[in-house]
1. Just name the residue that is farthest from the ligand (Cβ to nearest atom) out of those in the range 11-20 that are touching a helix residue (DSSP H, G or I) at 6+ places or on another chain (Cβ under 9 Å) and among the aliphatic types (A, V, I, L, M).
2. If the requirement is being among the aliphatic types (A, V, I, L, M), open to solvent by 50 Å² or more (accessible area, probe 1.4 Å), at pLDDT 95 or above and touching a Gly at 6+ places or on another chain (Cβ under 8 Å), which of these qualifies: Val18, Val33?
3. Against the definition (part of a loop (DSSP other than H, G, I, E, B), near the ligand (Cβ under 8 Å from one of its atoms) and either touching a strand residue (DSSP E or B) at 6+ places or on another chain (Cβ under 9 Å) or not polar (S, T, N, Q) (or both)), how does Cys8 come out, yes or no?
4. Would you mind stating whether Cys24 is surrounded by 13 or more Cβ atoms within 10 Å (Cβ to Cβ) and more than 10 Å from the chain's Cα centre (by Cα)?
5. Looking at Asp40, is it assigned to a loop (DSSP other than H, G, I, E, B), free of Cβ contacts under 8 Å to residues at least 60 places away in the same chain, surrounded by 11 or more Cβ atoms within 10 Å (Cβ to Cβ) and more than 8 Å from the chain's Cα centre (by Cα)?
Amino acid sequence: MFCGIGACFDCLLTVNGVRDVRACRRRARDGDVVATQSRDAR
Ligand code: FES
């Protein structure tokens, strides 16, 4: 994480198949499937 307030793009993850979720702005829930992602993988 960099800013921790949702203002940058340094914490993007794929959550439950949805790309570009800001990890610093979303509370994890039981059963979430979380994966890292690269900037250029589409
Ligand atoms: S750390 Fe900057 S948006 Fe999440």
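1. At the first step, the residues of the range 11-20 found to be touching a helix residue (DSSP H, G or I) at 6+ places or on another chain (Cβ under 9 Å) are 11-13, 15.
Now narrow it down to the ones that are among the aliphatic types (A, V, I, L, M): 12-13, 15.
Details: Leu12: 8, Leu13: 10, Val15: 13 Å.
Ranking the qualifying residues of the range 11-20, first place goes to Val15.
2. Values: Val18 fails: touching a Gly at 6+ places or on another chain (Cβ under 8 Å).
Of Val18, Val33, the one residue that is among the aliphatic types (A, V, I, L, M), open to solvent by 50 Å² or more (accessible area, probe 1.4 Å), at pLDDT 95 or above and touching a Gly at 6+ places or on another chain (Cβ under 8 Å) is Val33.
3. Values: part of a loop (DSSP other than H, G, I, E, B): yes; near the ligand (Cβ under 8 Å from one of its atoms): yes; either touching a strand residue (DSSP E or B) at 6+ places or on another chain (Cβ under 9 Å) or not polar (S, T, N, Q) (or both): yes.
Yes.
4. Numbers: surrounded by 13 or more Cβ atoms within 10 Å (Cβ to Cβ): yes; more than 10 Å from the chain's Cα centre (by Cα): no.
The answer is no for Cys24.
5. Values: assigned to a loop (DSSP other than H, G, I, E, B): yes; free of Cβ contacts under 8 Å to residues at least 60 places away in the same chain: yes; surrounded by 11 or more Cβ atoms within 10 Å (Cβ to Cβ): no; more than 8 Å from the chain's Cα centre (by Cα): yes.
In short, no.
The values are calculated or read from the model by the stated rules, or taken from the named source; none is laboratory data. It should be emphasised that the depicted structure is a prediction, and the values quoted were computed from it without experimental measurement. Don't worry about glycine lacking a Cβ; one is built from the backbone with ideal geometry, like all the others, and counts go over all protein chains shown. Protein only, heavy atoms only, side chains kept; ligands, DNA and RNA dropped before computing areas. Shrake-Rupley method; radii C 1.70, N 1.55, O 1.52, S 1.80 Å.
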